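I have placed the structure first, in the form of structure tokens, so that the comments after it can refer back to it.
The values are calculated or read from the model by the stated rules, or taken from the named source; none is laboratory data. Owing to the predicted nature of the structure, the values given are computational and were not obtained by experimental measurement. Cβ placement follows ideal geometry from the backbone for every residue including glycine, while neighbour counts extend to all protein chains displayed. Each accessible area value is taken on the protein alone, full model and side chains, heavy atoms only, with ligands, DNA and RNA left out. Shrake-Rupley method; radii C 1.70, N 1.55, O 1.52, S 1.80 Å.
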Amino acid sequence: MTATPGQPAPAGADERLLRTSQLRKLLGRPELGSLVGAVAVFIFFSIVADSFLRATSLGTVLYAASTIGIMAAPVALLMIGGEFDLSAGVMVTSSALISSMFSYQMTANVWVGVFVSLLVTLAFGAFNGFMLTRTKLPSFIITLGTFLMLTGLNLGFTKLISGTVSTKAIGDMEGFASARKVFASEWTVGGVELKVTILWWALLVAVATWILLRTRFGNWIYAVGGGADAARAVGVPVIRTKIGLYLGVAFAAWVSGQHLLFSYDVVQSGEGVGNELTYIIAAVIGGCLITGGYGSAIGSAVGAFIFGMTGKGIVYAEWNPDWFKFFLGAMLLLATLLNAWVRKRAEATK
């Protein structure tokens, strides 16, 4: 016999068989705090910025959110697994530079450079995962080293090959138009201009959510984040899981890098520095714990959307954009406190 909502559980009843109310399930979701924050930010800028609710503004906000959200989703999975990647921002630029310079120097179809970039970028991710699992050093140290190396390589190779800090234009090369449709196209729906990055964002969040909630690999991610030694003791392939998570970040960096390239035709070698913190903050605002073992991909999407609303809301309100960092820090603190409260409430109702 199982207990019904509102009735005490029979003595000796197995807690695993007790029904959980929808309210308790909702309170236990990692993204609940970020959803509350997103509603608050939306209402706030709807009041202070008249143009915020225009249809054209929606497309701008979604685009800004998607460029962050594409990376925030795999970064969230990595954080749930208990690790960081400080090289994610410059890896995006590395991916774009490789595609552009390989295509230009080899006078090859642009798609050749795109696929070479995919292989090399995945190699960067595999390097991070391999070094982490073999050296046992903290991921902060490993990926900080990768960040510095990629920053130097981006600038050094670009100057060596192109003679400047930016790549040569490849807009007239074979395959550019078709690649642009995949990575940087746009279309209009009901007067709203939407970028293809929104579709990439939705796809990556959906896949990440499916992995976390419906697959064995998702269980491994939570287990590794909760404690690698304990996970290893029950048969979880910790090394394979962590390398897989870094490969996921690298794949998203490749997607973002191709969007960067095919949106502007040329790439500046110094771009991307500092973006890694933006991805991490979006994941934390979305409910991920710094310590690992808790969070969701949907929460990272909400965190990215909050970023988009705040960044563009300040512009629409005609405020000094210097205030963005202040709002960013305030959101991070408030979201962390709210997420901690939500988690405590969820644990108390179990």
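Based on what the data block shows, is ARG134 touching a helix residue (DSSP H, G or I) at 6+ places or on another chain (Cβ under 7 Å) and open to solvent by 70 Å² or more (accessible area, probe 1.4 Å)?
no
List pairs: first residue in region 151-178 and touching a residue at least 40 places away in the same chain (Cβ under 8 Å), second residue open to solvent by 70 Å² or more (accessible area, probe 1.4 Å) and among the polar types (S, T, N, Q) anywhere in the structure, Cβ distance under 8 angstrom, at least six positions apart or on different chains.
Matching pairs, first to second residue: ILE161/GLN105; VAL165/GLN268; SER166/GLN268; MET173/THR107.
Taking the stated definitions as given, is SER166 open to solvent by less than 40 Å² (accessible area, probe 1.4 Å) and not aromatic (Phe, Trp, Tyr)?
For SER166, the condition - open to solvent by less than 40 Å² (accessible area, probe 1.4 Å) and not aromatic (Phe, Trp, Tyr) - is met.
Identify, please: which residue in region 176-201 is of a type in the set (A, V, I, L, M) and surrounded by fewer than 16 Cβ atoms within 10 Å (Cβ to Cβ) and is, among those, farthest from SER66 (Cα to Cα)? I'd like the intermediate steps shown before the answer.
Residues of region 176-201 of a type in the set (A, V, I, L, M): 177, 179, 182, 184, 189, 192, 194, 196, 198-199.
Next cut, surrounded by fewer than 16 Cβ atoms within 10 Å (Cβ to Cβ) only: 177, 182, 189, 192, 199.
On the way: ALA177: 22, VAL182: 15, VAL189: 17, VAL192: 15, LEU199: 8 Å.
In this case the residue turns out to be ALA177.
Confirm whether ILE161 is modelled with pLDDT under 95 and either touching a Pro at 6+ places or on another chain (Cβ under 6 Å) or assigned to a helix (DSSP H, G or I) (or both). First the steps, then the outcome.
Values: modelled with pLDDT under 95: yes; either touching a Pro at 6+ places or on another chain (Cβ under 6 Å) or assigned to a helix (DSSP H, G or I) (or both): yes.
Yes; evaluated as a whole, the condition is true for this residue.
With respect to VAL249, determine if the residue is touching a strand residue (DSSP E or B) at 6+ places or on another chain (Cβ under 9 Å), of a type outside the set (Lys, Arg) and either open to solvent by 50 Å² or more (accessible area, probe 1.4 Å) or over 30 Å from ARG54 (Cβ atoms) (or both). If you could, list the steps in order and put the result at the bottom.
On the way: touching a strand residue (DSSP E or B) at 6+ places or on another chain (Cβ under 9 Å): no; of a type outside the set (Lys, Arg): yes; either open to solvent by 50 Å² or more (accessible area, probe 1.4 Å) or over 30 Å from ARG54 (Cβ atoms) (or both): yes.
Taking the combined requirement at face value, the residue does not satisfy it.
Considering only residues that are part of a helix (DSSP H, G or I) and loosely packed, with under 12 Cβ neighbours inside 10 Å, which ones fall in region 213-229?
First pass over region 213-229, keeping only residues part of a helix (DSSP H, G or I): 213-214, 216-226, 228-229.
Scanning region 213-229 gives ARG214, ARG216, ASP229.
So ILE142 fits all but one of (1) part of a helix (DSSP H, G or I); (2) touching a residue at least 24 places away in the same chain (Cβ under 8 Å); (3) closer than 30 Å to ARG232 by Cα; (4) open to solvent by 10 Å² or more (accessible area, probe 1.4 Å); what number is the exception?
Checking ILE142 against (1) part of a helix (DSSP H, G or I); (2) touching a residue at least 24 places away in the same chain (Cβ under 8 Å); (3) closer than 30 Å to ARG232 by Cα; (4) open to solvent by 10 Å² or more (accessible area, probe 1.4 Å), the one that fails is (2).
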